[in-house]
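Written out below as structure tokens is the structure these notes cover.
The values are calculated or read from the model by the stated rules, or taken from the named source; none is laboratory data. In this text the structure is predicted, and so the values were computed from the model without any measurement. Note: ideal-geometry Cβ built from the backbone for every residue, glycine included; neighbour counts use all protein chains shown. Accessible surface areas use protein heavy atoms only, side chains included; no ligands, DNA or RNA. Shrake-Rupley method; radii C 1.70, N 1.55, O 1.52, S 1.80 Å.
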Amino acid sequence: MKISERKFGELEGQVVTEFCLENDHGVRVRALDYGGIVTETWVPDVKGDFVNVSLGFATLDEYLAHSPYFGALVGRVAGRIGDARFELDGKTYQLEKNEGKNILHGGPDNFSKRMWDAKRLETADEIGVVFSLTCPDGDNGFPGNLDVRVTYTLNNANEWRIKYEAKSDAATVFNPTNHVYFNLTGDVEKLVLDQELQMRSSQFVALDSESIPTGELVDVTGTVFDFREPRALRDGATSEHPQNVIIKNGYDHAFVLEHEAGVPDARLVDRDSGRVVEMRTDCDSVVVYSGNQLSGKFAIDGVAVPKYAGVTMETQGLPDSMNHEGFGSAVIQKDELFESETVFTFKTL
């Protein structure tokens, strides 16, 4: 296994570095110290042919010009918070709005737009990069000075592991994720609609017209939200279910996960290439987004990125939990260590 790095660009006088993690089987994960962005993920098909299966840009200027959150770390809080506010310990916090009256993915200057301190990690069993960042008290309206550390590692079991750690000097909320988009064909012109997803989930979070959780957990039984058996993503794109229609025909929903030891929480399969990615996490939910709002306004390698060009599995606590009973808690107390881990394993059929 080996780590290499190269200059990817410059931002306000700072060099942006791209790290490349490569295991002994040729699986590669490339990531930037800007936004913790995963730019490429190279994995083989059943014939051993490698392609990049995650959406990303070739230049820093493209990441600065466009904001589809390709491969990025997002936070402090992933997803949307209704009315950009929440109450904690009897105090109401008004946050910086960046999507109408709401806040998305932590605000206008969120984790995906920051330079992170990055250090290489090498052990006998894995290689990786440790990204760290300090968010000051009041950052985008959130309380507490928050120290964040996110570690990406790769091993010879073809596991890309993301470990999140954080600690605050005051009670605050924290619910991060990585926004990697997978397309297991490796071809941005080939839509993900025929790729099959399977998840251990019997409930999903209902959304209103602004994609804010309503507070209702919906039973998936008898709907195109039932992924307990493999289901093509196309089902959501063509469904007339109000929850598919409301988010521009597809999926952009949090699914409540039902963890079982030794069993993946989710499994994405492309039967043509035989590529498979399995996901395991300790998070309560995963947001599946089928790229419904990608619109061809920007390109990857000269190819306009169409609707349904990629699908995310954004592991996190339930979104907007601070405003809904029964959604769990995103609160971390003063000096409490937050820890969470998600693993993507690359396989073939």
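Is it the case that some residue within region 275-283 is of a type in the set (Asp, Glu) and either in contact with a Phe, Trp or Tyr (Cβ under 8 Å, 6 or more places away or on another chain) or closer than 21 Å to residue 203 by Cβ (or both)?
Scanning region 275-283 turns up at least one residue that is of a type in the set (Asp, Glu) and either in contact with a Phe, Trp or Tyr (Cβ under 8 Å, 6 or more places away or on another chain) or closer than 21 Å to residue 203 by Cβ (or both).
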Quickly run through region 203-224 and pick out the residues that are of a type in the set (A, V, I, L, M, F, W, C) and open to solvent by 20 Å² or more (accessible area, probe 1.4 Å).
217, 218, 224
Among the residues that make up region 32-44, is at least one of them without any contact (Cβ under 8 Å) to a residue 60 or more places away in the chain, polar (S, T, N, Q), within 19 Å of residue 73 (Cβ to Cβ) and open to solvent by less than 20 Å² (accessible area, probe 1.4 Å)?
yes
Examine region 325-338 for a residue that is closer than 29 Å to residue 239 by Cα, open to solvent by 10 Å² or more (accessible area, probe 1.4 Å) and within 13 Å of the chain's Cα centre (by Cα), and state whether such a residue exists.
no
Could you grab me the full set of residues in region 183-210 that are touching a residue at least 60 places away in the same chain (Cβ under 8 Å), closer than 30 Å to residue 324 by Cα and not in a loop (DSSP other than H, G, I, E, B)?
197, 198, 199, 205
Of those in region 1-51 that are assigned to a strand (DSSP E or B) and of a type in the set (Gly, Ala, Ser), the residue nearest to residue 122 (Cα to Cα) is 4
Residue in region 182-194 that is most open to solvent (accessible area, probe 1.4 Å), counting only those that are farther than 12 Å from residue 51 by Cβ and over 18 Å from the mean Cα position of the chain (by Cα)
189
Can you name the residue in region 299-314 that is at pLDDT 95 or above and either part of a loop (DSSP other than H, G, I, E, B) or touching a Lys or Arg at 6+ places or on another chain (Cβ under 9 Å) (or both) and, of all such residues, is nearest to residue 277 (Cα to Cα)?
310
In region 257-268, what residues are of a type in the set (D, E, K, R), under 26 Å from residue 191 (Cα atoms) and open to solvent by 30 Å² or more (accessible area, probe 1.4 Å)?
267
Quick one: residue 200 ticks every box in (1) out of contact with any His (no Cβ under 8 Å at 6 or more places or on another chain); (2) open to solvent by 50 Å² or more (accessible area, probe 1.4 Å) except a single one, so which number is it?
(1)
Can you find a residue in region 288-295 that is open to solvent by 40 Å² or more (accessible area, probe 1.4 Å), small (Gly, Ala, Ser), over 30 Å from residue 48 (Cα atoms) and part of a loop (DSSP other than H, G, I, E, B)?
yes
Do the conditions hold for residue 129, that is, is it in a strand (DSSP E or B), more than 21 Å from residue 99 (Cβ to Cβ) and either in contact (Cβ under 8 Å) with a residue 12 or more places away in the chain or open to solvent by 60 Å² or more (accessible area, probe 1.4 Å) (or both)?
yes
Scanning region 140-157 for residues that are open to solvent by 30 Å² or more (accessible area, probe 1.4 Å) and in contact (Cβ under 8 Å) with a residue 60 or more places away in the chain, the one nearest to residue 6 (Cα to Cα) turns out to be 156
With the structure loaded, tell me whether residue 204 is of a type in the set (Phe, Trp, Tyr) and closer than 14 Å to residue 287 by Cα or whether it fails that test.
yes
Mind checking whether some residue in region 116-123 is touching a residue at least 60 places away in the same chain (Cβ under 8 Å), surrounded by 17 or more Cβ atoms within 10 Å (Cβ to Cβ), assigned to a loop (DSSP other than H, G, I, E, B) and under 23 Å from the mean Cα position of the chain (by Cα)?
yes
So which of 275, 234, 228, 271 ends up being over 28 Å from residue 86 (Cβ atoms), open to solvent by 70 Å² or more (accessible area, probe 1.4 Å) and in contact (Cβ under 8 Å) with a residue 60 or more places away in the chain?
271
